[in-house]
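The values are calculated or read from the model by the stated rules, or taken from the named source; none is laboratory data. Everything numeric here is computed off the predicted structure, so don't read it as measured data. Cβ placement follows ideal geometry from the backbone for every residue including glycine, while neighbour counts extend to all protein chains displayed. To get the accessible areas, we keep the full protein, side chains included, count just its heavy atoms, and leave off ligands, DNA and RNA. Shrake-Rupley method; radii C 1.70, N 1.55, O 1.52, S 1.80 Å.
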Amino acid sequence: MSEHPIHDFDRLIRRQRLLLKLIGLDSYDPTFRPRITIMVVCLSLIFVAISMYDLYIFRNDLFNFVYVLITIFFASIGIGHICVFVCYRDVLPMMLEQSYDTYRLVGKDERELHILQWYTKLFKRGANVYSLMFIGTSILTGLLPIAIYQLTGERVLPYGVVLPFVDPDSQVGYELNYMYQVSCIIWTPPGLVGAQCMMFGVVLNICVQYDILGVKLHDLDKLIRSGEESAQREELIGKKLRVILRDQQRLISFISHVEEANTVMAGVEILSFGLQIVITLYVLQLAFWFPGYVIIVLATMQLFILCLLGTIIEYKGEKFSEAVYQLTWNELSRGHKKIFRLLLLSSQQPYILTWSGMTNINMNLFVGMSQKFYSIFMMLRNM
């Protein structure tokens, strides 16, 4: 007998939470206490203060100025995640428990188990690929200066941020700056990877709930169309209707919690990645800068994934609404029609992810933001 998908899901969640726990940000734990988090907040604020100082120091050096500015945008994303973990430490454990409930409520139905297995495998592959790319790139970024020094003798740093009053051109100053930047690489990427993968798992859990609701609606419609009038059939229809309505309300509550915890963070990410793209494009049209191409690819990919997840949820919500409308409701009894009416009213307005409640997060946003960023770039180019 194959293992229930909840065990694979639990292992994946534990792995991501371990990354968050290492830096004191596992607020998915109901007993979370922000002790180590205080140290992380202090390190983040120090990093931002140093970056602001570097902006002033490099105000006449375009490349270093832009390099520091891009680093600040990465820092803003990290600080945004810290704020989410601290401010929503009551919501996140509830949200995670609801994710586990999705697995616990599935019985022995092969179709529902197949849905769980498929999305769990997708979660595993997505988390592995993202972790490998992000952490692998971070490690390469830290080791690349050593390789360049061995091959050419040139001293370069992983990032543009340098310590105040420390000359990066001197031997001792270079070593101090390199060690500081590598220390930032050690504690920053694990937290970002853990946060993003947890969000990925939560969004896929929404898709799981929609698909399972679709299976239950299909079974209900099949039962209604059977045409066999009996008290047992009417009782079974009522039971299925109440289960679907209960699961739908649970899904609405789950999406509301996800929206509450991530709506502002989504806006921070969209703006940060977008501005990174604009600024990097501006520098690349002045001169060749290889790291800039990497930044554009990574920032564009992050934006695309964020908007794609929002589009998937929107699509699932619309498909569920269509399935509710297509149900053979006219053959229901008067009492069952009252339950169906509640189901219909709730499904008329599908719940989706938004950017601070201002606009929906979907591929239309990705296309629209891309056009705006390009317009800003052209404006800067013509200045």
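How many residues are acidic (Asp, Glu) and not in a helix (DSSP H, G or I) when one looks only at region 198-247?
Residues of region 198-247 that are acidic (Asp, Glu), as a first pass: 211, 219, 221, 228-229, 234-235, 247.
Those still in the list that are not in a helix (DSSP H, G or I) too: 228-229.
The total comes to 2.
In region 30-64, the residue that is nearest to GLN181 (Cα to Cα) out of those that are among the aromatic types (Phe, Trp, Tyr) and in contact (Cβ under 8 Å) with a residue 24 or more places away in the chain is PHE47.
Take GLY78 and decide whether it is closer than 19 Å to TRP187 by Cα, in contact (Cβ under 8 Å) with a residue 60 or more places away in the chain and buried (at least 19 other Cβ atoms within 10 Å of the Cβ).
Values: closer than 19 Å to TRP187 by Cα: yes; in contact (Cβ under 8 Å) with a residue 60 or more places away in the chain: yes; buried (at least 19 other Cβ atoms within 10 Å of the Cβ): yes.
Considered against the rule, which asks whether it is closer than 19 Å to TRP187 by Cα, in contact (Cβ under 8 Å) with a residue 60 or more places away in the chain and buried (at least 19 other Cβ atoms within 10 Å of the Cβ), GLY78 comes out as yes.
Do we find that GLY267 is touching a residue at least 24 places away in the same chain (Cβ under 8 Å) and under 30 Å from TYR374 (Cα atoms) in this structure? Spelling it out, GLY267 is indeed touching a residue at least 24 places away in the same chain (Cβ under 8 Å) and under 30 Å from TYR374 (Cα atoms).
Among the residues of region 50-71, is there at least one that is touching a Ser or Thr at 6+ places or on another chain (Cβ under 9 Å), closer than 19 Å to ASN262 by Cβ and modelled with pLDDT of 85 or more? No: zero hits. Residues of region 97-127 that are in contact with a Lys or Arg (Cβ under 9 Å, 6 or more places away or on another chain) and either of a type in the set (A, V, I, L, M, F, W, C) or open to solvent by less than 10 Å² (accessible area, probe 1.4 Å) (or both): THR102, LEU105, ALA127.
Just give me the residues in region 161-174 being exposed (fewer than 13 other Cβ atoms within 10 Å of the Cβ) and β-branched (Val, Ile, Thr), in sequence order. Matches in region 161-174: VAL172 only. GLY107 meets the conditions (1) touching a residue at least 60 places away in the same chain (Cβ under 8 Å); (2) under 28 Å from ILE252 (Cα atoms) in every case but one. The failed one is (1). Restricting the first member to region 209-220 and to residues that are under 7 Å from ILE244 (Cβ atoms), and the second to residues that are among the aromatic types (Phe, Trp, Tyr), the beta-carbon pairs closer than 7 Å and six or more apart or on different chains are LEU213/PHE320. Is one or more of the residues making up region 29-43 β-branched (Val, Ile, Thr), over 23 Å from the mean Cα position of the chain (by Cα), in a helix (DSSP H, G or I) and at pLDDT 85 or above? The answer is no, given that none of the residues of region 29-43 is β-branched (Val, Ile, Thr), over 23 Å from the mean Cα position of the chain (by Cα), in a helix (DSSP H, G or I) and at pLDDT 85 or above. When each of PRO145, PRO158 is tested for being open to solvent by less than 40 Å² (accessible area, probe 1.4 Å) and in a loop (DSSP other than H, G, I, E, B), the lone residue that passes is PRO158.
Just a yes or no: is a residue in region 366-373 modelled with pLDDT under 80 and more than 24 Å from ASN205 (Cα to Cα)? Yes.
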